[in-house]
Every structure is written in structure tokens, then in C-alpha cells.
1. Scan the range 95-108 and tell me whether some residue there is surrounded by fewer than 18 Cβ atoms within 10 Å (Cβ to Cβ), in contact (Cβ under 8 Å) with a residue 12 or more places away in the chain and more than 16 Å from the chain's Cα centre (by Cα).
2. Can you confirm whether the range 141-152 contains a residue that is free of Cβ contacts under 8 Å to residues at least 24 places away in the same chain and either under 17 Å from the mean Cα position of the chain (by Cα) or not in a helix (DSSP H, G or I) (or both)?
3. Of all residues in the range 39-66 being out of contact with any helix residue (DSSP H, G or I) (no Cβ under 8 Å at 6 or more places or on another chain) and modelled with pLDDT under 95, which is surrounded by the most Cβ atoms within 10 Å (Cβ to Cβ)?
4. Among the numbered criteria (1) farther than 30 Å from residue 156 by Cα; (2) without any contact (Cβ under 8 Å) to a residue 60 or more places away in the chain; (3) under 18 Å from the mean Cα position of the chain (by Cα), which single criterion is violated by residue 32?
């Protein structure tokens, strides 16, 4: 359990830094593109495509940060209807369901990346499939976060403590 927490926290710190850096790159690239279009009536080729992928990276990595911190979207209807149950049991059920869904999404995203391999599209010098690798990476990280939630809730239920 400690190893999983250390791994998740280390990945969280890397993602946190990456989001800031990628957002600044996105901001600089878009500002440069606007200035070049206003002043020289031309711009950087492939800049719009790169900005699309930067937005994808910032969005998916931001979702990872929200998941790690527990600030993602919750369905209050479910949690309010399950108030009579033990809180640890609720966390266990929600974490298990999220884990299963994210595992399927991870598998689907791997299949998507594999289908992009034969595609010879590049943005600047980077193959498009490389730019899309953020999708399975984020689903894998979120799966690990919910695995940690499953283990924590199960351990708390075994100990009989309240979370």
C-alpha cells in the first residue's frame, strides 16, 4: 500500500509540473501565432494542430490532478441515497466501479493508439500517435488512484475504523 501511495504521489507531482509547463507553452504558442498573423500575415505551420494537442494534454492531465485530489465530478444522487451504508463501503463501491470503467477506457485507449500507428501524420516532427499517448497514460494513472482507494477503504473496513 505504501509503495502504491509513493508511486501515485510521485506521478501526481510530475503531472502537476507538466500541466503548468504545457499550459505556458500553449499560451506562448498561441500568442506568437496571433502576433505573427497580425504583423506578418502568416503564422507557424502546424501551430493550430499542436495547440489542439496541447489542450488535449492539459485537459487530460488536469483530470488526473482532479482525480488524485478527489475534486472530480461526483454524483450526489448516489452518495445521498447510500448514506445509510458505512462510508468506507460507499468509497469501496465507488472506487471499484470507477476502477472497472477506467480499466476498460485504458484498454480502449491502447487500442486507439495502436490503430494510429500506421497513420503517417506528423505535427512538426512528432508522430500524431505520440501526441495521443496522454490518453492511456491518464486512464492508467486514474486506475491506480482508484486501486489505492479500493485498498484504503477495504483496509479501513477490516480495521473497523471510519474514514
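1. Yes, because at least one residue in the range 95-108 is surrounded by fewer than 18 Cβ atoms within 10 Å (Cβ to Cβ), in contact (Cβ under 8 Å) with a residue 12 or more places away in the chain and more than 16 Å from the chain's Cα centre (by Cα).
2. no
3. Going through the range 39-66, the residues out of contact with any helix residue (DSSP H, G or I) (no Cβ under 8 Å at 6 or more places or on another chain) turn out to be 39-41, 45-46, 49, 52, 59, 66.
When the remaining residues are screened for being modelled with pLDDT under 95, the result is 39-41, 45-46, 49, 66.
Numbers: 39: 8, 40: 8, 41: 7, 45: 10, 46: 13, 49: 15, 66: 13.
That would be 49.
4. Exception for residue 32: condition (3).
The values are calculated or read from the model by the stated rules, or taken from the named source; none is laboratory data. On a predicted model such as this, the values are computed, not experimentally measured, just so you know. Every residue, glycine among them, receives a Cβ derived from its backbone with ideal geometry; neighbour counts consider all protein chains shown.
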